[in-house]
Each structure stands twice: as C-alpha cells, then as structure tokens.
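K.L.:
Would you mind keeping the following structure in view while I ask a few things?
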Amino acid sequence: MSMPMSRVDLVTGLRLSERHGATAVFRILLCCLSCLGLSPHASAGTDEYAALRRRMVETQLKRPGRDITHAGVLKAMAEVPRHEFVPPAQRKYAYEDGPLPIGYDQTISQPYVVAFMTEKLDPKPTDRVLEIGTGSGYQAAVLSPLVAEVYSIEIVEPLGQRAQADLQRLGYGNVQVRIGDGYRGWPEAAPFDAIIATSAPEHVPPPLVDQLKDGGRLVIPLGPAYEQYLYVFKKQGGKLDRQAVLPVRFVPMTGEVLRGKAP
Ligand code: SAH
C-alpha cells in the first residue's frame with residue numbers, strides 16, 4: 001500500500017495554505033476576466049463558461065503535483081458544464097478549485113477529485129459503471145462520454161430526482177439514476193466493469209464486491225467521517241487487491257452501512 005502524498009486539506013486535495021493562495025489567485029483572475037468583459041457573474045454565456053472550464057483543466061488538473069493525464073478525462077472535464085449541476089447561487093464559483101454545497105447537507109466534489117477518481121477508474125468505451133452517490137449528477141456526466149452505461153444510485157430522493165432531470169435535459173442519455181441505498185448495489189444491472197463511490201463508508205459493502213466483474217475496478221473513499229483515504233481495488237481471480245491513493249474528505253455513506261453503529 002502506498003501513501004504518496006503529504007497530508008493535505010482532505011476536502012480538496014490541496015494544502016490549506018495552497019488552497020487559500022489558489023482561491024485568491026482565482027478571484028484575481030475572475031476580476032481580470034471581468035475587466036475584459038468575460039465575467040461569469042452576470043449573465044455568463046456558454047463561451048465564457050467554456051473558457052473558465054479550459055482554464056480549470058490547465059490550472060487545476062494538469063498542473064505539476066496534480067498530473068491528470070488521461071486524454072478522455074481531460075476532454076470530459078473541459079466539456080461537461082459543471083455550472084449546470086450546482087444551485088444558481090453557486091454558479092459563479094462552478095469552476096473554482098473546491099467542492100460546493102448542493103443542498104441537503106451534500107456537496108459536489110472538487111473538480112480535481114472528480115478527474116482523479118475518474119482516471120483511477122480506468123474507464124473503457126465498453127464499460128458498464130455503477131456510481132454510489134449521484135448527488136448533483138456531475139460525476140455521472142463526466143463518466144458518460146467515457147463509458148457505455150452509467151448506473152447511479154442516490155439515497156436523498158430530491159437530489160436524485162434533480163440530478164436525473166438535469167442529466168436528461170443536458171443529453172446524458174446513457175446515465176440511469178435510481179433512488180435508493182447504494183449499499184446493496186444494483187443487482188439487476190450487475191455485473192459491472194467498474195464501481196465508484198462518492199460517499200464514504202467505513203468498510204467496503206460486500207454486495208459491491210459481488211457485483212464487480214473479475215478484472216473490475218472499485219474506487220472508493222473509506223474511513224471515519226471526513227477523514228478517509230481513497231482506495232483503488234482490483235478484483236482478480238475473486239480476490240481484491242487494494243491501493244490507497246489519496247487522503248480525501250467525503251460525506252459519510254448513510255443508510256444500511258450505519259446499521260449497528262452507535263448514533
Ligand atoms: N458524485 C456526486 C457527489 C455527491 S456527494 C456529484 O458529482 O455531485 C455524495 C452523495 O452520496 C450525496 O448526495 C449523498 O446523499 C449520497 N449518499 C450517501 N449515502 C448513500 C447511500 N447509502 N446510497 C446512495 N447514495 C448515498
């Protein structure tokens with residue numbers, strides 16, 4: 001098991017000082033764009049958001065230390081309109097380097113974490129992928145052009161409904177959303193080539209292992225509330241090989257996984 005990185009702000013994958021510095025730089029950048037008539041604050045058009053997205057890819061994903069290199073992932077991150085997946089009040093921050101609130105005490109993950117997890121999932125055009133924790137639907141939208149089918153489960157009904165409507169409206173036709181507890185997986189659609197969890201349990205839900213194909217990948221944050229490691233599991237010959245890849249801070253998985261735990 002390798003722990004390649006120094007301890008970082010667990011939400012964002014950034015050192016705190018770096019994060020504040022980066023935020024300040026981003027705000028200055030927004031002011032500059034504003035002066036050039038490119039402000040996303042007022043009535044940003046499609047092109048203005050596209051420019052912010054390209055900048056997000058260059059400055060947040062490709063930069064040394066982050067090193068996202070998967071061409072398909074970079075393309076998806078440059079194309080998927082993150083601002084469409086956040087509440088209107090958050091749109092102006094949609095391409096900043098951090099998570100954002102989406103209501104119901106939940107968050108849309110930081111763009112870097114979405115790109116990192118997608119890269120670790122090693123997506124293939126023929127893959128059928130299961131996501132636990134639809135949230136805003138953004139992670140599912142990023143996966144959509146990279147794989148054949150995405151099945152995504154959300155436990156908070158209004159969030160799942162909103163994500164489903166947004167994904168449909170934006171044309172992500174190969175994504176199916178179901179309201180329910182992802183702990184049990186999606187048995188009717190199993191087995192999956194890859195499974196990604198964007199909420200954190202303290203142990204791997206056994207049904208997810210059962211529903212993973214041999215040779216499949218499982219990318220999942222594991223650990224106590226807000227202090228977890230992101231793990232990549234590979235299923236080979238019925239056995240799981242695991243690697244810890246990044247300290248992270250996700251919302252805890254709720255539902256059945258908490259049964260039997262002290263309140
Ligand atoms: N992938 C999301 C991030 C969502 S945050 C995005 O791109 O926006 C994690 C989500 O997991 C939350 O919406 C939370 O409600 C959901 N969640 C938590 N426990 C769950 C469970 N047992 N089954 C399904 N979803 C769950």
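The values are calculated or read from the model by the stated rules, or taken from the named source; none is laboratory data. A quick note: this is a predicted structure, and the numbers were derived from the prediction, not measured. Here the Cβ positions follow ideal geometry from the backbone for every residue, glycine too, while neighbour counts run over all protein chains shown.
K.L.:
So, residue 184, is that one within 20 Å of residue 108 (Cβ to Cβ), among the basic types (Lys, Arg) and assigned by TED's automatic domain parsing to the domain that holds residue 108 or not?
P.N.:
So residue 184 fails the test.
K.L.:
Could we say that residue 144 is more than 9 Å from the ligand (Cβ to nearest atom) and of a type in the set (Ser, Thr, Tyr) here?
P.N.:
yes
K.L.:
Based on this model, can you work out whether residue 252 counts as surrounded by fewer than 20 Cβ atoms within 10 Å (Cβ to Cβ), within 16 Å of the ligand (Cβ to nearest atom) and at pLDDT 95 or above?
P.N.:
Considered against the rule, which asks whether it is surrounded by fewer than 20 Cβ atoms within 10 Å (Cβ to Cβ), within 16 Å of the ligand (Cβ to nearest atom) and at pLDDT 95 or above, residue 252 comes out as no.
K.L.:
For residue 236, only one of the following conditions fails: (1) within 11 Å of the ligand (Cβ to nearest atom); (2) farther than 23 Å from residue 138 by Cα. What is its number?
P.N.:
Of everything listed in (1) within 11 Å of the ligand (Cβ to nearest atom); (2) farther than 23 Å from residue 138 by Cα, residue 236 misses just condition (1).
K.L.:
Does residue 138 count as near the ligand (Cβ under 10 Å from one of its atoms), more than 17 Å from residue 253 (Cβ to Cβ) and hydroxyl-bearing (Ser, Thr, Tyr)?
P.N.:
yes
K.L.:
Just checking, does the range 124-140 include any residue being part of a helix (DSSP H, G or I), surrounded by fewer than 19 Cβ atoms within 10 Å (Cβ to Cβ), hydroxyl-bearing (Ser, Thr, Tyr) and in contact with a Phe, Trp or Tyr (Cβ under 9 Å, 6 or more places away or on another chain)?
P.N.:
no
K.L.:
May I pose another question? Can you name the number of the only condition in (1) near the ligand (Cβ under 6 Å from one of its atoms); (2) touching a Leu at 6+ places or on another chain (Cβ under 8 Å); (3) charged (D, E, K, R) that residue 154 fails?
P.N.:
Result: residue 154 fails condition (2) only.
K.L.:
Could we say that residue 204 is of a type in the set (Val, Ile, Thr) and part of a loop (DSSP other than H, G, I, E, B) here?
P.N.:
In short, yes.
K.L.:
Filter the range 83-105 down to the residues that are among the hydrophobic types (A, V, I, L, M, F, W, C) and part of a loop (DSSP other than H, G, I, E, B), then identify the one that is surrounded by the most Cβ atoms within 10 Å (Cβ to Cβ).
P.N.:
94
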